[in-house]
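Values in this text are rule-based calculations from the coordinates and carry no lab data. Keep in mind that this is a model prediction, so the values were computed, not measured. Here Cβ is always computed from backbone atoms with ideal geometry, including for glycine, and neighbour counts include all displayed protein chains.
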Amino acid sequence: MTRTNSERESWSTSSPTLQLALPAGAPRREAIEAGLRSAIREGRLAAGTRLPSTRALAADLGVARGTVAEAYAQLLAEGHLTARRGAGTWVADVARRATGRPPTARAPDTTAATDRAPGTTGRPPTARGPDTTAATDRAPARYAFHPGLPDLSAFPRAAWVRALRRGLARMPPSAFAYGDPRGRPELREALADYLGRARGAIADPELIVVCAGFRHGLSLLLRAVGAAGGRRVALEDPCVDDHRTVAAGAGLEIVPLPADGHGARTDLLAATGAAAAVLGPAHQFPLGAVLAPERRAQAAAWARAGALVIEDDYDGELRFDRHPVGALQALAPDHVAYGGTASKTLAPGLRIGWLLVPPALLEPVVALRRAEDLHVPVLDQIALGELIAGGAYERHIRRMRIRYRHRRDRLVAMLAERAPEVRAVGISAGLRVLLELPPDGPPAAELVDRAQRRSVQLWPVSAYHHDPAAAPQGVVAGYGALAEHDFEAGLRALGDVLTTLG
């Protein structure tokens, strides 16, 4: 290592040779990032140039290998570098992407060195799934704390394949024809048994309709409400932003229903004039509250008086501090439609959800289902049915409860150590936590932007309020979304962002 004046240092590396001009006094990782970024932008490192290994560069610079690895990871996330496992790291074709000119040198066709969670474009995606909008000019975040994604690397591939193989061996040829719009009977029977046992629902397989995720199920129910003459639907405030989109698509007027630390204000339902209400009794999104017992009773009484409650059991199985609260549906099964999904327990890419509908709604919901695409792909239904019936589904949930509880505990401990002024809101459950920001700190929008510059993606809670301007200052962080091997590094990066609040 050679040094020049007090303002800059020139560090030379070997095999391949690399000379960086780095600011003196800056933290080592940030100095390495800035030096590489400057060399790439100024053209001193051309597209396709291979960089030294993290071990070699760390040895030459006299820093920890992890410091160099984090710097490389940041530049990979920004798009300045590209890498392939076991093959090396190259300078990406930044100039061609920025100007549209053909590349001056071709870098290998590669993927990033680490897995990233989906939904990492610049615009906050919906809470239920990854953002499907076109990519923006902003580089994807290295650590996307997506509030609606499980750990996709934990999908039980081997168990899924075994379940599919067992199910296929038993299926008659007729199973592969156009089937019942409600779904395969084997899956509905397995779901009825599971929902009765694990969620406390009053479940009849004949009243279960398999759908393509909860959003699809909600659309079916709200369109059925509209067809029956309903004009208004009450949605929790705040709520999953998809709910507003679906309600508007069904032609219903949306009435905000305030929610607090005890869940939705069900005592206000009678004043809404709504024909239906969408509630998250087990773990309200994004506040993380459980609907209080007296409010559950109020919701059931309101439904029995002639309305419909749609229960969104978003991630009700993932309770960590105690046994999950039972389904609200059991209090008024003829007036509460229960909706569940495999998106949080397994993966949203499966596109499998289920409705447990009141008898009076079965025919109109099935008619809408038949008019669309008839049913969810049969092979996926067969596999999920076997996974549930054989016990592998619940074993997977138990494993993930342990993993997510550990992550939440680690996040809360990090807050206590590095950002005690930030409060984690909500019960110990699910895939995400609401981080309440101090009133004298920067607004949530500024924090989100600051985090993005450090390749950390967070979601402002205002995105889930009916009136974003009236929302409190807070962000939603999904601790379930990162792959297991990325979580600790992501947590450190989040801590780096939150410590700047002081």
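Numbers for the structure displayed
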quantity: Estimated FRET transfer efficiency when R0 is 41 angstrom, pair Ala270-Arg398 (beta carbons, to 0.05); calculated: 0.55
quantity: Using θ = phi - 60° and Karplus 6.51 cos²θ - 1.76 cosθ + 1.60, couplings along region 279-293 (whole Hz; Gly, Pro as x); calculated: 10, x, x, 7, 6, 4, 9, x, 6, x, 9, 9, 4, 4, x
quantity: Antiparallel bridges, percent of DSSP beta bridges restricted to the chain (to nearest 5); calculated: 65 percent
quantity: For Phe176, Phe487, Phe214, order by how many other beta-carbon atoms lie within 10 Å, fewest first; calculated: Phe176, Phe487, Phe214
quantity: Beta bridge orientation in region 157-394: antiparallel %, DSSP, nearest 5; calculated: 35 percent
quantity: 5 angstrom amide H check on Trp459, placed H, neighbours 5+ away; calculated: Val476
quantity: For Val255, distant residues with modelled amide H under 5 Å away; calculated: Val233, Ala234, Leu235
quantity: Separation of the Arg170 and Ala59 label points, Cα + 7 Å toward Cβ, nm; calculated: 5.8 nm
quantity: The chain: calculated mean residue ellipticity at 222 nm from DSSP helix runs of at least 4, using -39500 (n - 2.57); calculated: -11500 deg cm²/dmol
quantity: Rg(Cα) / (2.2 N^0.38 Å) computed for the chain, rounded to two decimals; calculated: 1.09
quantity: Sequence-distant residues sharing a close amide H with Cys211 (under 5 Å, placed H); calculated: Gly353, Trp354, Leu355
quantity: Value of Rg/Rh across region 157-394 [Cα atoms, Kirkwood radius]; calculated: 0.96
quantity: Efficiency of FRET between Ala227 and Ser38 - r from beta-carbon atoms, R0 51 angstrom, step 0.05; calculated: 0.25
quantity: Rg(Cα) / (2.2 N^0.38 Å) computed for region 203-280, rounded to two decimals; calculated: 1.12
quantity: Sorted by Cβ neighbour density within 10 Å, fewest at the top, the residues Ser343, Ser174; calculated: Ser174, Ser343
